[in-house]
Every structure is written in C-alpha cells, then in structure tokens.
1. Would you please name the residue that is farthest from LYS192 (Cα to Cα), looking only at residues in the stretch 137-153 that are among the hydrophobic types (A, V, I, L, M, F, W, C) and touching a Gly at 6+ places or on another chain (Cβ under 7 Å)?
2. Which one of ALA141, ALA158, ALA147 is hydrophobic (A, V, I, L, M, F, W, C), touching a Phe, Trp or Tyr at 6+ places or on another chain (Cβ under 6 Å) and either under 23 Å from ASP69 (Cα atoms) or surrounded by 20 or more Cβ atoms within 10 Å (Cβ to Cβ) (or both)?
3. Which one is least open to solvent (accessible area, probe 1.4 Å) among residues in the stretch 169-192 that are part of a helix (DSSP H, G or I) and touching a Gly at 6+ places or on another chain (Cβ under 9 Å)?
4. Scanning for something under 27 Å from ASN170 (Cα atoms), among the hydrophobic types (A, V, I, L, M, F, W, C) and open to solvent by 30 Å² or more (accessible area, probe 1.4 Å), does the stretch 82-93 turn up at least one residue?
5. If I ask for residues that are out of contact with any strand residue (DSSP E or B) (no Cβ under 9 Å at 6 or more places or on another chain) and open to solvent by 60 Å² or more (accessible area, probe 1.4 Å), which ones from the stretch 53-81 would you list?
6. Does LEU166 fit the bill of being in contact (Cβ under 8 Å) with a residue 40 or more places away in the chain, under 18 Å from SER27 (Cβ atoms) and not in a loop (DSSP other than H, G, I, E, B)?
7. Looking for something assigned to a helix (DSSP H, G or I) and aliphatic (A, V, I, L, M) - is there at least one such residue anywhere in the stretch 155-163?
8. Just checking: which of the helices (runs of 4 or more DSSP H) contained wholly in the stretch 1-105 hold 3 or more residues that are modelled with pLDDT under 95?
Amino acid sequence: MNNEHTYGKNSLKINWRKNMKIVIIGSGAMGCRFGSTLQQAGADVTLYDIWKDHVEAINKNGLMVETDDGVKVIEIKAKNDLGEIKEADLIMIFTKSMHTKSAVESAKHLIGENTRIVTLQNGIGNIESIMEFCSPDNIIAGTTNYATDLHGPGKIVAKGHGITKLKNYNGVADDILNEFVRMLNDGGIISKISEDVMVEIWEKVAFNASLNGL
C-alpha cells in the first residue's frame, strides 16, 4: 500500500509512517497506550502531560508498557510544556471532559487549517468544545473500551483487548481517517470506522451512566 497522501497547509506530499506528527494531550494511562501504539506504527508522536515526574521518567528511561505478551520499553518524546511543541498533523485529546476546552485552547498554536483533532473521551460535549477552535470537518470522534492503568511515572499496564470505533464528525471516511485507523490496527489497537459515531458515543454514555454508580 502506498502510504503517501497530499495534505497540510502547503499540500505537501508526505510519508505518513515516517513524518506524521501526532501530539497526545493528556498522556495518562490511555494517552500513553494510544501514543505508544502510534509510535510503534511509525508516526512521530509527542506525549504531553502536566505531571512532571511522569514526563521526566519517559524522557529518561522510555515508556514502560506491560502487555499480555510481557514488558517492553518504548522510546517516545514527552513534554510538560506545550509551547515546546511546534507542529502537529493530528492531535488526540485524552483529558477529562471538563478540561477539553482548556486543553484545546492551550494547543491552538498547533492547530492549522488541516490539523485533525481526535477525541475518544467519555461523555458528551467534547466535540462542541473542540469545534470552538477548528472546523467540524477536521474532527475525528469515537469511543474505545480498551482499559489501561498507570502504575507510576513512565509505567502503564495495557493488558486485555477491546475495540475502538471512529468516524470523521462530518460523516465522510477519507484517506486520513482510513490511514489513521490502519495505524492503530498495525500498532495493536483493534479499530474500525463506525457507521454512526454519535450513536456509539451516546451508547457509551448510557452504559457509563447506568453501570458506573454500581
């Protein structure tokens, strides 16, 4: 498969697997799992988190990921100052919903005309917060039922499997979405394009509302 696509401010033709710059905002357990997955699939990933000890541990020792197959260390960049990050082709938001707007606002210097922003967060209202800073056409939304635990600075336990469902908010499955889903699958996170992503999001809201109290 040819991984070259035309996109970006200057319509540059790039090789996704070598040059696609992805920034993860909120690099706790889930952010680290998805970030390390995309890094292993060939993207240029930067993790961002406000927990300095966590960031320092990743930069010093790598990200330690414990899976069903054992423990491996992923070399990946980490920052606790978004100002140090200069560009992003795709931004993934993994903060709590209450922090979505401030998270995206703090990263607005990274959001270009064609930058995609991905939300797999629980709850509703995340898409609306993101739309304050970018076109609805540039939002990828979805859900995931993968579970991950953070076991101290620079260490996650990413056991078990699940399914991640995504779709462009405008309903179009374009080359960028297709390739992003392929990258997740290649890195080990089972993913597919949703038929109706808003149904997926509301179903998860209903599930969490009924069961989390128990």
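The values are calculated or read from the model by the stated rules, or taken from the named source; none is laboratory data. Keep in mind that what you see is a predicted model, and the values were worked out from it rather than measured. For neighbour counting, all protein chains shown are included, and Cβ atoms are generated from backbone atoms with ideal geometry for every residue, glycine included. Keep in mind that these areas ignore ligands, DNA and RNA; they rest on the heavy atoms of the full protein, side chains included. Shrake-Rupley method; radii C 1.70, N 1.55, O 1.52, S 1.80 Å.
1. Pass one, the stretch 137-153, residues among the hydrophobic types (A, V, I, L, M, F, W, C): 139-141, 147, 150.
Next cut, touching a Gly at 6+ places or on another chain (Cβ under 7 Å) only: 147, 150.
Numbers: ALA147: 17, LEU150: 26 Å.
In this case the residue turns out to be LEU150.
2. Working: ALA158 fails: touching a Phe, Trp or Tyr at 6+ places or on another chain (Cβ under 6 Å); ALA147 fails: touching a Phe, Trp or Tyr at 6+ places or on another chain (Cβ under 6 Å).
It is ALA141.
3. So the first thing to find is which residues in the stretch 169-192 are part of a helix (DSSP H, G or I), and the list is 175-187.
Checking the rest, the ones that are also touching a Gly at 6+ places or on another chain (Cβ under 9 Å) come to 183, 186-187.
Values: MET183: 0, ASP186: 104, GLY187: 22 Å².
Top of the filtered list is MET183.
4. no
5. Our first condition is that a residue be out of contact with any strand residue (DSSP E or B) (no Cβ under 9 Å at 6 or more places or on another chain); within the stretch 53-81, this holds for 53, 60, 68-70.
Answer for the stretch 53-81, where residues must be out of contact with any strand residue (DSSP E or B) (no Cβ under 9 Å at 6 or more places or on another chain) and open to solvent by 60 Å² or more (accessible area, probe 1.4 Å): ASP53, LYS60, ASP68, ASP69.
6. On the way: in contact (Cβ under 8 Å) with a residue 40 or more places away in the chain: yes; under 18 Å from SER27 (Cβ atoms): no; not in a loop (DSSP other than H, G, I, E, B): yes.
Answer is no for this residue.
7. Checked the stretch 155-163: no residue is assigned to a helix (DSSP H, G or I) and aliphatic (A, V, I, L, M).
8. Values: elements: 16-19, 29-40, 52-61.
Qualifying helices (runs of 4 or more DSSP H): 16-19.
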